[in-house]
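The values are calculated or read from the model by the stated rules, or taken from the named source; none is laboratory data. Model, not experiment: these values are computed from the prediction. Glycine gets a Cβ as well: all are built from the backbone with ideal geometry, and neighbour counts include every protein chain shown.
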Amino acid sequence: MKSNKNMNILKNINLLNQISYFFVILLLTVFLKFNAQAHELWLEPVNFKFNNKEVSKIHINIGQNFMGSPFGYYDPNKKSLYLENINKVKDLPQRDGNFPAIQTLILDKGFHILNYETNYEFLKYESVEKFKDFLKEQDLEKAVGNFDTNKIPTESYRRFAKALMTDGNKGFFIQKPKLDFEIIALTSPYNLKEEIFEFQLFEKGNPLENWQITIFSRDEENNYKEIVKTNPNGMGKIKIFDNRTYLISAVKLDKANYIEKLKYKSDWFSLWATLVFKK
């Protein structure tokens, strides 16, 4: 009798594992389909001001124009996920299916930067016109030059997303560039006296000059958008306002070489960088 009861428990556990696996696969399918159709991926903490005694929860959002949907965590998409402060860098292993996607207890005080880097993902555009629209929107037409308009473009892309967080204590540090593509904060948006936010765009440690940066922001009533260009040192600055959440976004697109085309089956490679904070 006891043996049968144990068998039933094992069957129920196995069933639950199968259901969990099904939902993870379903989540991934929806995630990849939506991801291929959207532009930005960004991190959005439930609370940008964290409490050292509570688990911080951060959404991975995908969408356009700072409007999108949060998705659960799926580890194969991740290349790196870590939390950085002035003293150390801490890897953040997560569990598949987490929602919000990233959950961690931040024990250290002060200013922190959450960093999320994805692996390459594949995209085939719906049409050549969609690709042209993308190039125009991101001011990439001159950089790309001529291309085969008789073939629907394919692309492999990676995301580099950051979120600036604090517990309210003073303190700030400037990251050293180490990613293939990234936006680095040069000032803290959490300095209450600061009305100007400065940042710098890097590709493999080198500043990118005269590059388009799109600034999305929103408050409880409105959405806002502006475009700035980086200076010769890859730097840019914007005026920031209280009670707004900001998404700073940049895109780099390069034509695939012969070996890359064979390996990834892609005509183009793109890198996307985002930086999020709340004033």
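Residue check: is ILE152 aliphatic (A, V, I, L, M) and part of a loop (DSSP other than H, G, I, E, B)? Answer is yes for this residue.
Among the conditions (1) under 22 Å from TYR190 (Cα atoms); (2) free of Cβ contacts under 8 Å to residues at least 12 places away in the same chain; (3) charged (D, E, K, R), LYS261 misses just one, which is (1). Can you spot a residue in the range 154-171 that is in contact with a helix residue (DSSP H, G or I) (Cβ under 9 Å, 6 or more places away or on another chain) and over 20 Å from THR274 (Cα atoms)? The answer is yes, given that some residue of the range 154-171 is in contact with a helix residue (DSSP H, G or I) (Cβ under 9 Å, 6 or more places away or on another chain) and over 20 Å from THR274 (Cα atoms). Residues that are touching a Phe, Trp or Tyr at 6+ places or on another chain (Cβ under 8 Å) and farther than 23 Å from SER249 by Cβ within the range 73-91 comprise ASN85, ILE86, VAL89, LYS90, ASP91, listed in sequence order.
Please indicate, with yes or no, whether at least one residue in the range 172-179 is under 21 Å from the mean Cα position of the chain (by Cα), surrounded by 13 or more Cβ atoms within 10 Å (Cβ to Cβ) and outside any loop (DSSP other than H, G, I, E, B). For the range 172-179, residues under 21 Å from the mean Cα position of the chain (by Cα), surrounded by 13 or more Cβ atoms within 10 Å (Cβ to Cβ) and outside any loop (DSSP other than H, G, I, E, B): absent.
Exactly one condition in (1) aromatic (Phe, Trp, Tyr); (2) at pLDDT 95 or above; (3) closer than 24 Å to GLU44 by Cα is false for TRP268; which is it? Result: TRP268 passes all but (3). For the range 90-143, the strands (runs of 3 or more DSSP E) that sit wholly inside it and include 1 or more residues that are polar (S, T, N, Q) are 102-105, 112-118. Just one residue in the set ILE240, ILE184, ILE213 is among the β-branched types (Val, Ile, Thr), touching a Pro at 6+ places or on another chain (Cβ under 7 Å), crowded, with 21+ Cβ neighbours inside 10 Å and under 19 Å from LEU164 (Cβ atoms); that residue is ILE184.
A quick yes/no check of all residues on (1) at pLDDT 95 or above; (2) more than 25 Å from GLN64 (Cα to Cα):
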| residue | (1), (2) |
| --- | --- |
| PHE181 | yes, no |
| ASN210 | yes, no |
| THR230 | yes, no |
| ASP242 | no, no |
| LYS252 | yes, no |
| GLU260 | no, yes |
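Here ASN47 clears all of (1) outside any loop (DSSP other than H, G, I, E, B); (2) exposed (fewer than 14 other Cβ atoms within 10 Å of the Cβ) except the condition numbered (1).
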